[in-house]
Amino acid sequence: MTDAYWATKPSHEMARIIPERVKAWDDFLEATGRTALYSRAARVYYGLDAHGRWINSSAVSFGGEQGEVVLLHVNQFRSIVDQRVIHATGNRPYFQGLASNQSSVAEKAVEIAERLVEHDLAFEHAEEAWHEAVLASRYFGEGWIESTWDFDAGENFGVSPDGTTIKTGAPTCRVYNVLDVARDPSTEKSRDCQWLITRRAVSKWDLAATYPEFADKLTSAMPAEKYGSRFSWDRFEFAGSAKDNDWTFMLTLYHRSTKAVPGGRMVTVVGDTVLFDGPLPYDDLPLDAMSEGEEPDAPVGHSTDWDLLGPQEALNSAVSTILTNHDAFGVQNILVPDGANVDVEDLRGGLRFIKANMAAGEIKPLQLLRVDPTSFEIIKFCIEVMETLSGINSVARGNPQASLKSGSSLAMVQSMAIQANSHIKNTADRFLERVLNKRIRLYQRFAATERVLTMVGVDEKTAVLKFKAEDIAPVKRVILMQDNPAMRMLSMRRELASEMAERFPQQVTPSQFFEVIKTGRFEPITDAPAAQTMHIRWENERLIAGLPCRVIGVDDHPSHIQEHVVTLYDAVHREDETAIAGILAHIQEHVGMIPQPAPPPEAGDGKKKGNGAGGQQTGDRPTAKADVIGAPTAENEGIAGSMPAMPKNPMTGEQAQPGGS
């Protein structure tokens, strides 16, 4: 009989199986030397001593048998890593939503989604988590973000029958490193993993309050520092005795929906207690990885910053050698020949008259402080090697070479650093795109109640955004839009704002002009036309459905007429007599709202008989009919340039006329 797949075992067995899977992952990292590599990279980055402690992290320490060796850590590694992280995350990309169709409802949903993304980045710690995960990927090889829905977060929504406060819920954004996301080591790529297990420290007392039925088991759960040997949690080692430790580990299994596990599975375990066991409540695994690249045939991330660890140690050794020599021989010794009749007391102080037997030899200082220039060359060599390996040159670090004096030369060298690290930025941007799309899907699935967000948009205007899940349902995804680096320069923003004001003097107001200079975004200028276009599309949808739409004087009537006429070109709509009649009537309302030009002055009583167009004019109101609306006749010459040719009403055969009823 075939054994059952471990992920389908009963709930009570999962409390044993899940910790075993986590231990297997820990053993794999330990056996392959990866845990030691992660520990070493983290210690070097944070400047910890060889034992992973902070006591000597920022001090000059001493080694050797008698403390005769001076040890100093010159942390070029962290400086370069931080520069690479800044290149990747220093300028937040902006995002554009994509909808399932081009309806006005879908366009409104896209607008809400784009605003929601800006809000979550600014106020829901999504951008902070992004930075943290990118940094973790530099010394751990990979950083993870978990995007789940927390039903106990958000605003107060109501009270349950038992008196418990009901929350609106909110998406979470937790960051993990490679040690905290267990997986199957035999999988070739992390994206192919069918399951992942997260491990995070949680308060035993909070768990006991959340699950009172398991309170006794949870408060006596194994403390964090006893749960495996993991250097990233060594802070618990000094937190007190086991019974005083408030923290334990929570393990959560996420399994994809597969043929073996239909619907997926999610199981949460603390100690030997299963807190949750059910189908996976998400479309896919709620974790995304940030990694510069993966190792061949292993689901483990790789970082090129590990190549800098060796040169960093060589640099520390060279610096320590120089300082050891200075510490031992920095205080000068005096060489006195035997028989010079000079006592040590004679050499103390200055401006003294000293008698000596110079026949015995010259009294001179003993020069032992001189350092071989090779030591300084080694220091320079190590730094240059680290810059070459990382692509972060001296210009990018603010310490350009003396030979680089012109601005064009500095700019060229700086651009080379940006280009060399562009792959990290592209990877970080796509990583953020995946995380934000997961958050959008969480809102679409779980935001059942209306949510109110107070936020500042890209145009830096405060706005209140209200939405529910169905309001953003048409959004398929958000895609990353690369910002133009030139727009980060004030001179470029000023130049573009001036050009737009010159080209569109009637559309650009002074306040919009200065907003473009300040923010580099064109939304202040394009918002009004975009809103008008969205409204016209909304009208088209209603007119096609046979619903009325109101015309008001401030509408841009020529634009409305032009867009409404387009709906008549659809073969399906042309068969709907009711829709056509409604569209033509609505167009006629717009035509009637267009101001008519005054007639030219006439001799006599101001009345004109015959106009050569088959009609006549009485008083000041034109009544002649043209074959094509918009033709340059005497009656409509003032609007000929802006009016399109009007269609005929198929029900009456009459041509739609401007100013008609």
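Key figures
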| quantity | calculated |
| --- | --- |
| Cleavage-rule hits, chymotrypsin sites (Phe, Trp or Tyr not before Pro), region 3-40, DSSP coil, Cβ neighbours within 10 Å at most 14 | Tyr5 |
| Residue-count net charge about Met593 - beta-carbon cut-off 15 Å; Lys, Arg +1, Asp, Glu -1 | -3 |
| Local electrostatic count at Trp6 - Lys and Arg +1, Asp and Glu -1, tallied over other residues with Cβ under 13 Å | 0 |
| Cα-centre dipole for region 61-213 with unit charges at Cβ (Lys and Arg positive, Asp and Glu negative), debye to 20 | 300 debye |
| Net charge, Asp283 excluded, C-beta distance under 9 Å - Lys, Arg +1, Asp, Glu -1 | +2 |
| Heavy-atom accessible area ranking, 1.4 Å probe, most first, across Val69, Val134, Val554, Val60 | Val554, Val60, Val69, Val134 |
| Computed accessible area, Glu384, all protein chains, 1.4 angstrom probe, square angstrom | 90 Å² |
| Whole-Å semi-axes of the ellipsoid equivalent to region 70-125 (Cα gyration tensor, √5λ, descending) | 43, 11, 6 |
| Those GluC sites (Glu not before Pro) in region 288-326 that DSSP places in a loop and that have at most 16 other beta carbons within 10 Å | none |
| Debye, to nearest 20: dipole size of region 122-175, +1 on Lys, Arg Cβ, -1 on Asp, Glu Cβ | 80 debye |
| Surface accessible to a 1.4 Å probe, Asp555 within the full protein complex, Å² | 30 Å² |
| Net lengthening on full extension, Asn341/Gln562 (0.36 nm per residue, minus Cα-Cα) | 68.2 nm |
| Dipole of region 249-340 [Lys/Arg +1, Asp/Glu -1 at C-beta], most positive-end residue of Leu280, Thr321, Pro311 | Leu280 |
| Which listed pairs, of Lys438/Lys468; Lys425/Lys466; Lys9/Lys189; Lys189/Lys259, have C-alpha distances above 23 Å, in listed order | Lys425/Lys466; Lys9/Lys189 |
| Heavy atoms of His573 accessible to a 1.4 Å probe, total area in Å² rounded to 10 | 50 Å² |
| Cleavage-rule hits (chymotrypsin sites (Phe, Trp or Tyr not before Pro)) in region 297-394: DSSP loop, at most 13 neighbouring Cβ within 10 angstrom | Phe353 |
| Ordering of 443-453, 168-178 by burial proxy (mean other Cβ atoms within 10 Å per residue, highest first) | 168-178, 443-453 |
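The values are calculated or read from the model by the stated rules, or taken from the named source; none is laboratory data. Keep in mind the model is a prediction, meaning the values are calculated, not measured. Virtual Cβ from ideal backbone geometry, glycine too; neighbours counted across all protein chains shown. For the accessible areas, the whole protein counts, side chains as well, though only heavy atoms, and no ligand, DNA or RNA atoms are used. Shrake-Rupley method; radii C 1.70, N 1.55, O 1.52, S 1.80 Å.
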